[in-house]
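Worksheet: the structure to be examined is printed underneath.
What follows is calculated from the coordinates using simple rules that are stated; it is not laboratory data. Quantities reported herein were computed from a predicted structural model and do not represent experimental measurements. Glycine gets a Cβ as well: all are built from the backbone with ideal geometry, and neighbour counts include every protein chain shown.
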């Protein structure tokens, strides 16, 4: 558990420095908060679709991953419903409920989860590959598909665009959804990976993927505002309890009930205990769904994750 805690801390500190560095640049006038929608469009229209396409193309779904993928997907759906019920019961406005749902449902598996899996299972190099497939299809894919839909429905874009029919059309023709379909399709086509064309294309997509964390950190830094705790304390507590405590606990029990193997069960616990996904504030900003709330919640999750993730893994594994 010590090595897990160390590498969580290192990853969190590095990402926090990127966010705070952007925040300082904003305060000095080199960047503006009004630039956040531009970066959000860049991410959702170019960087994120390229990342989705690359990940789904290069990580073909295997039979032994189906049950773990189903487990973590169902846990995320349960968290989505629970966060909606909690936000509604506490009387938060519609965009804040949407932001709470986005932040509390599917975690940041790629930013923090992959390094943790790699160091938690140093004796088994295949564990990371399984973790990537489980994470990308059980966590990443729902983020790409469900979180934009939630942000659209609960955000101001829902009223501005004329309702559900327009948003549905926009969503199914969006670069994100198209990249999901194309990635799944090409993953079942056997291209020779060593041919110059395929190798060059995959390398280019991998380079674009490398910009995902940096652009996301810039967006968080531009949107970050240190708001008074009044009114936000309950949101922070509810989101942390659902995302980082309820999800790994529920995931552990669901995995045991569905007879998931010991190592996949440990991977599920790690992935489900991750802090909020950094793409949540991006979608909230893109579709005007309380972006400041989503940013504050996500940043809080990431900062406290070194204290929570190792403890949950140690208790449940």
- Item | Span from the the stretch 11-89 Cα centroid across to the the stretch 263-317 one, whole angstrom | 10 Å
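If R₀ is 22 angstrom, what is the calculated FRET efficiency for the pair residue 225 and residue 307, using the beta carbon separation as r and rounding to 0.05? Let's see the in-between values first.
Details: r = 24 Å, r/R0 = 1.08.
That gives a FRET efficiency of 0.40.
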- Put in order of increasing Cβ neighbours within 10 Å, starting from the fewest, 39, 53 give 39, 53
- Query: Between residue 190 and residue 245, what length in nm is gained on full extension when 0.36 nm per residue of separation is reduced by their alpha carbon distance?
  - Reply: 15.7 nm
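Please give the FRET efficiency for residue 237 paired with residue 25, using the beta carbon to beta carbon distance and R0 = 45 Å, rounded to the nearest 0.05. All intermediate terms of the calculation are to be shown ahead of the outcome.
Details: r = 31 Å, r/R0 = 0.69.
So, using R0 = 45 Å, E works out to roughly 0.90.
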- Message: Run the numbers for residue 33 and residue 18: contour at 0.36 nm per residue of separation, minus the present Cα-Cα distance, in nm.
- Response: 3.8 nm
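In which sequence would 206, 288 go, from the one with the fewest C-beta neighbours within 10 Å to the one with the most?
Details: 206 14, 288 19.
Fewest-to-most ranking of 206, 288: 206, 288.
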